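The values are calculated or read from the model by the stated rules, or taken from the named source; none is laboratory data. Only a predicted model underlies this, so the values are computations on that prediction, with no experimental measurement involved. Here the Cβ positions follow ideal geometry from the backbone for every residue, glycine too, while neighbour counts run over all protein chains shown.
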Amino acid sequence: MAVKLLLGLVAGIFAIYCFIPYIRDIFKKKTTPHMYSWFLWGLLQIIGAVAIVIKGGGYGAVELSVGSIFCFYIFSLSFKYGTKNITRLDTICLFLAIFTILIWILTKDPLHAILLISIIDFIAFVPTYRKGFKEPYSETVSNYFISALASSFAILALSVYSFTNVFYLATLVFTNVVFAFLLLYRRKF
């Protein structure tokens with residue numbers, strides 16, 4: 001149990017650490033967060049943390065709990081510092097994500113919650129992927145690599161390994177790493 005607590009704390013520390021350069025870059029006006037993505041990520045991380053706790057995942061929920069606070073903080077900053085480049089596709093993704101959340105509320109099952117929030121998370125990432133592709137310097141790359149590391153430690157901190165507990169965290173690792181590499185690739189061209 002002490003090892004899982006330690007891994008959960010490491011995941012939480014990485015979750016805090018990944019946002020420090022991102023928030024700093026927002027205030028320096030180097031990073032422009034997309035409000036739709038950050039709002040949905042905050043909401044999804046709360047749902048993911050609750051689902052992991054319900055399924056006995058224990059300290060594996062620490063990273064998502066900490067991350068949700070920072071996601072909502074960045075969402076609040078996006079009103080002043082966020083991108084103004086919001087497209088119709090971005091709005092469609094927002095509504096699709098909200099619609100999927102409503103479907104999850106009707107199912108009330110942690111497994112369905114994890115599957116749906118993983119889909120929603122990807123949909124929520126589309127506006128940021130689009131913005132990052134067009135404006136690769138408008139995002140802080142380290143945030144996404146460190147976030148993937150935090151989610152990796154959260155997986156290790158889980159008390160119970162099950163599809164429900166691991167899947168969402170694994171999708172966070174994947175989408176964050178892919179986006180970080182997309183940004184690095186686009187900065188070369």
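Taking residue 122 and the conditions (1) surrounded by fewer than 20 Cβ atoms within 10 Å (Cβ to Cβ); (2) over 12 Å from the mean Cα position of the chain (by Cα); (3) of a type outside the set (A, V, I, L, M); (4) under 17 Å from residue 35 (Cα atoms), which numbered condition does it fall short on, given that it satisfies the others?
(2)
In region 75-91, which residue that is charged (D, E, K, R) and either under 19 Å from residue 122 (Cβ atoms) or in a helix (DSSP H, G or I) (or both) is nearest to the chain's Cα centre (by Cα)?
That would be 90.
I'm trying to understand the selection: among the residues of region 159-189, which are at pLDDT 95 or above, aliphatic (A, V, I, L, M) and more than 18 Å from residue 120 (Cα to Cα)?
Selection gives 180, 182, 183, 184.
Out of region 25-40, which residues are touching a residue at least 24 places away in the same chain (Cβ under 8 Å) and either surrounded by fewer than 24 Cβ atoms within 10 Å (Cβ to Cβ) or part of a loop (DSSP other than H, G, I, E, B) (or both)?
Result: 25, 26, 27, 29, 30, 31, 32, 33, 34, 35, 38, 39.
Looking for whichever is within 14 Å of residue 35 (Cα to Cα), surrounded by 14 or more Cβ atoms within 10 Å (Cβ to Cβ) and touching a helix residue (DSSP H, G or I) at 6+ places or on another chain (Cβ under 9 Å) here; the options are 94, 116. Which one fits?
Values: 116 fails: within 14 Å of residue 35 (Cα to Cα).
Going through 94, 116 in turn, the sole match is 94.
For region 145-165, which residues satisfy the criterion of being touching a helix residue (DSSP H, G or I) at 6+ places or on another chain (Cβ under 6 Å), hydrophobic (A, V, I, L, M, F, W, C) and in a helix (DSSP H, G or I)?
Residues satisfying the conditions are 145, 146, 148, 149, 150, 153, 154, 155, 156, 157.
Taking the condition of being aliphatic (A, V, I, L, M), touching a Cys at 6+ places or on another chain (Cβ under 9 Å) and surrounded by 22 or more Cβ atoms within 10 Å (Cβ to Cβ), how many residues in region 41-59 meet it?
Result for region 41-59: 1.
Quick check on my filter: what residues within region 131-144 are in a helix (DSSP H, G or I) and surrounded by fewer than 18 Cβ atoms within 10 Å (Cβ to Cβ)? Explain how you work it out, then say what you get.
Step one: list which residues in region 131-144 are in a helix (DSSP H, G or I), which gives 131-134, 136-138, 141-144.
Of everything in region 131-144, those that are in a helix (DSSP H, G or I) and surrounded by fewer than 18 Cβ atoms within 10 Å (Cβ to Cβ) turn out to be 133, 134, 136, 137, 142.
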